[in-house]
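Each remark here refers to the structure printed beneath this line.
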Amino acid sequence: MPWSASELSLLFSIGSLAAFSSLWVAGRIWPTRQTSSGSGPNAPHVFTFCNRELIAASPAAQRALNIEDLDEDIFNQLFERLQSVFPTLTQDLQAAQKNRRDLHLEDVTKTGPVSIDIAFRDDRVQVVVQGIPAPLSRKLIVDEDYANAAEVELRVLRDTVEASPVPTWRENAKGQIDWVNRAYIDLLESSECDDGASTWPPQRLFESSTIVHPGATPKTRRSSLLTPTGVKSWFDVASFGQRDHSLHFACDANALVNAETSLRNFMQTLTQTFAYLPIGLAIFDSNRQLVVFNPALTDLTSLKPEWLSIRPTLHDFLNRLREERMLPERRNFSDWRQKIDQLEASARDGTYSEAWTLPTGQTYRITGRPHPEGAIAFLFEDITAEISLTRKFRQELELSQTLFDSFPQAMAVFGADGIIKMSNLSYSNLWGIDPGDALGQITIIDATRLWQDLCEPTPLWGDARDFVSRIGDRSEWNGTVRLCTGKDLSCRFVPMAGGTTLAEFSGAATMPHHRHDPDRTAELSR
């Protein structure tokens, strides 16, 4: 038949009463030892165990017991608690049992003196605890362990903050400093405000910042501090929100400020260095943003300095050049984009160099070069005059060649190094070779071999070789040779300026019955 709730409650009460009755009877058999009033606030806790079972307890010990403790292993629970106060209890207890003597331990803790006395009587053990409140409380054990761990953590955090080289302080909601670390005090003592290090709250070193709310993005600002020697120290002050306080860290920024200043001075020096160059300079960083340009760039590209100062990207820069008609026209936009990508890649590899013929008729030479840290530089050079001069020179050469070809005499000009520099059409017709079409350079030795092959034997060609190669004063001379065809050929050798020599042949217009073997021509040119 199932038990009702009232019956279960009655049964539990009877069981509890029986347990306490057994303790009372045991106490009558072995009266508890008391070192002070048995029921006072400072009364010891006396526990009597038989075969590890609790059979008696003093009034103070009984008050420490809960109903649920009667179902627990009180012996192990008690000694676990005492072990936290006396770490060597286990070893001391084993030694006492081995030597058949009682054990007495005492110590002084934060709460005062504590002691335990353990007596052995056959299979019974009596434990007297003095100075330890609630020796059976598991919560007290946990709380004490937690307090010890929290104390260790607090000490570590305090030592860490004090050892930190970063000046740190905390401000309340009113902007008043209510905590600083050692580094802040040291900085205060080494600054012009060293008088404020001995007062509390200490004097403020950095200007007050806006309140940073918890969870908000930390704010960073750069502040300076003047030392007694007049040197300005720079700090990056980071502020974090903490409930109704704000925490601030002043990180040393002197190295960063010095680096930024050096970089800025270098950029100014670099800009000034290129300020008077006629070549336009544009340097783009690794993000392809314009970081350096000189006045010549604005003159050559018609781009305004105000626009260049906003640091446009490379693509924006080239797009603006296209709008200003300072780029070669492309057939379509896709072709234009492909050209831009090729330009950037070639400049990064250091292989970009191209002449831009602009719609305006100007010609620019654009050179791309790689720079450290992934940057690239472009040089813009106006070569319109150079191109015009080259074209004019080429036209003059073509005119001179046309004039040279109009002479009926076969002519060839040898340089001071003995190489043919120029010949006319009659020379090609006479000897069956055009020096301009030869695979290599034709020297006086190669030429005289050709002449000798097409003429009857004569010492004149040896004299011609010596004359062309001679250094110093020379005089014009002439002679006559006979071609293999039987026709006579008049030869004239004239010294010219710069060590050059003119070889002129007349008397035989052409050689229609003999064309020189091309293989022989290649052999002579080698």
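Starting from a Cα-only point model with no solvent, please compute log10 I(q)/I(0) by Debye for the range 49-119 at q = 0.14, 0.16, 0.22, 0.23 1/Å. Computed log10 I(q)/I(0) values: -0.52, -0.68, -1.19, -1.25. Seen from every direction in turn and averaged, the convex hull around the alpha carbons of the range 274-382 projects onto 6.3 nm². Per-residue Cβ neighbour counts within 10 Å put TRP169, TRP356, TRP451 in the sequence TRP356, TRP451, TRP169, beginning with the fewest.
Working from the Cα coordinates of the range 278-340, the gyration tensor eigenvalues give, after taking √(5λ), semi-axes of 20, 14, 10 Å in decreasing order. Residues HIS315, HIS45, HIS248, arranged from fewest to most other Cβ atoms within 10 angstrom of their Cβ, appear as HIS315, HIS248, HIS45.
Highest mean packing first, where packing is the average number of other Cβ atoms within 10 Å per residue, the peptides 457-464, 58-65, 259-266 line up as 58-65, 457-464, 259-266. Each residue in ARG391, ARG449 was given a count of other beta-carbon atoms within 10 angstrom of its own, and listing them fewest first yields ARG391, ARG449.
Since every read-out is calculated from the coordinates, none of them should be taken as a lab result. Note that the coordinates shown come from a computational prediction; the quantities given were computed from them, not determined experimentally. Virtual Cβ from ideal backbone geometry, glycine too; neighbours counted across all protein chains shown.
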